[in-house]
Amino acid sequence: MINIPSLIQAQRNFFAKGATKSLSFRKEQLLRLKALLEENTQAIIEALKTDLNKPADQVMLAEISPLIHEIDYMLENLDRLAAPKDVESPETLSFFGMGEYHSQIIYEPYGVTLNISPWNYPIQLSISPIIGAIAAGNTVVLKPSEFTAATSALLNRLVAQYFVPEFFVVIEGDVAVNQALLAEKFDYIFFTGSVPVGRIVMAAASKHLTPVTLELGGKSPFIVDKSANLEQAAESLIFGKTFNSGQTCIAPDYLLVQQDVKAEFVAILKQKLQQKFDDNPFENYAKVVSERHYLRIKSFLNDGKIVAGGLFNDETHQMLMTVLDGVTWESPVMQDEIFGSVLPMLTFNGFDEAIERILAQPKPLALYCFTETEENATAVLSQVSFGGGAVNSCFLHFFNHNLPFGGVGDSGMGSYHGDRSFYELSHEKAVVTRKIV
Ligand code: NAD
């Protein structure tokens, strides 16, 4: 096994020398990261095909393009972000002594950072937090998921080719390797994964008082009320639930549809699913990452009556989006995040009832609401706490770098993307300088 303590010590020494401090160094590393992605796009597509049967267009849309965009954004904005920020000095400071006061926030890197990433977007979620870490001047240890072995091995090989290990290194391995890593002291831990493992990471971090970002999951509702544009709602729902076979942290987990339009909405969903996945439904459809997960998701089909979809392939571990009716809030499928193509459908009468139901659940990572009733949109946005979401669309909040991306409560803590990525991985040092007069 790799000598983890000595790798971390090498990064500590590199950081202590101040090697990562200059903005020119950081920009150079960001450019290398961009080159790694651009020069190896085909290899990435192939690895993701092996691991997840991920269609190439999905790789471009959700794994590679957002990273290139983020790197470009960071390169354009790094000077502004890293510059000390002057803030007002209130009059009250003069009570502590006469003088002129200058107050500022100085952004400093934490030091040696650890990024633990999941398997569902193994390139995007491995690299995206690292863009912030590099921009802020940290060194990076990346531990990708063992479930997407081809992609993790590729990342390991490429990172070794483009970076020196005392600055950026990949460590592959299973849970035992994670445990060995988490026993070490890091200066920051960025974790993306499930709620139970998030708890383990936070407990380990607390031993060293290491700050953490936890990007977790949860059951994200997709609400459709009777005023909604049902065609648009159905298209967005199918997009969100079939993209990567529903293995997306912000995928709609369950449907909450107003009773009055339930039958019509199901008919539209059924027709659109048939249209979209007519001839060869599984050709461009991601597979479930492992047999264990496949069987877990398939077992949910017993929890209700299939009203749309229902196709699966036990050999390739693929399952088409499947809508389940007759599900209750107590059904097994409603207990934990599904993370797959099964869509339980629940109904509500008054809009208040929908809100009450969601409020009784842990705070979700995402929420989507399709409505043409402004009152309902305002009610859900003001009364329900969730990480992020959208009204009359699905996923789009993720793609706007001006919006912080992250969870709340059980769906996580901290956020990133755009400027937030830089701030999340920086310590804000508060300094008052007094000029004695
Ligand atoms: P996971 O929690 O099982 O694994 C994530 C990482 O933790 C992997 O690298 C894995 O090796 C490691 N790990 C697993 N068990 C561990 C243990 N006992 N101790 C220490 N480390 C351990 O998650 P996953 O199955 O890879 O990903 C799916 C989950 O991630 C879903 O819950 C999903 O919602 C969530 N997710 C969240 C986001 C987000 O941005 N919020 C994005 C993608 C996925």
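The values are calculated or read from the model by the stated rules, or taken from the named source; none is laboratory data. Quick caveat, the model's predicted, so the values are computed rather than measured. Virtual Cβ from ideal backbone geometry, glycine too; neighbours counted across all protein chains shown. These area figures cover heavy atoms from the full protein model, side chains too; ligands, DNA and RNA do not enter into them. Shrake-Rupley method; radii C 1.70, N 1.55, O 1.52, S 1.80 Å.
Within the stretch 337-356, how many residues are among the aromatic types (Phe, Trp, Tyr) and under 30 Å from Leu52 (Cα atoms)?
So the answer is 1.
Residues checked against (1) assigned to a loop (DSSP other than H, G, I, E, B); (2) more than 10 Å from the ligand (Cβ to nearest atom); (3) at pLDDT below 95; (4) buried (at least 23 other Cβ atoms within 10 Å of the Cβ):
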residue	(1), (2), (3), (4)
Ile106	no, yes, no, no
Ile130	no, yes, no, yes
Ala133	no, yes, no, yes
Phe147	yes, no, no, no
Leu154	no, yes, no, yes
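Just a yes or no: is a residue in the stretch 266-282 of a type outside the set (A, V, I, L, M, F, W, C), open to solvent by 30 Å² or more (accessible area, probe 1.4 Å) and modelled with pLDDT of 95 or more?
Yes, the conditions are met somewhere in the stretch 266-282.
So, of the residues in the stretch 255-310 that are outside any loop (DSSP other than H, G, I, E, B) and small (Gly, Ala, Ser), which turns out to be nearest to the ligand (Cβ to nearest atom)?
Step by step, filter the stretch 255-310, then rank; the result is Ser299.
Cβ-Cβ below 7 Å, separation at least six or inter-chain, first residue in the stretch 209-223 and of a type in the set (Phe, Trp, Tyr), second within 13 Å of the ligand (Cβ to nearest atom) and modelled with pLDDT of 95 or more: which pairs?
Phe222/Pro252
Name every residue in the stretch 399-423 that is open to solvent by less than 20 Å² (accessible area, probe 1.4 Å), closer than 16 Å to Gly388 by Cβ, in a helix (DSSP H, G or I) and away from the ligand (no atom under 12 Å from the Cβ), in order of residue number.
Ser421
Is it the case that the stretch 165-177 has a residue that's in contact (Cβ under 8 Å) with a residue 40 or more places away in the chain and farther than 26 Å from Glu39 by Cβ?
Yes, the conditions are met somewhere in the stretch 165-177.
Select from the stretch 1-41 the residues that are without any contact (Cβ under 8 Å) to a residue 24 or more places away in the chain and open to solvent by 70 Å² or more (accessible area, probe 1.4 Å) and list them in ascending order.
Within the stretch 1-41, Asn3, Gln9, Ala16, Lys17, Ser24, Glu28, Glu39 qualify.
Before we move on, is Gly240 assigned to a helix (DSSP H, G or I) and not hydroxyl-bearing (Ser, Thr, Tyr)?
In short, yes.
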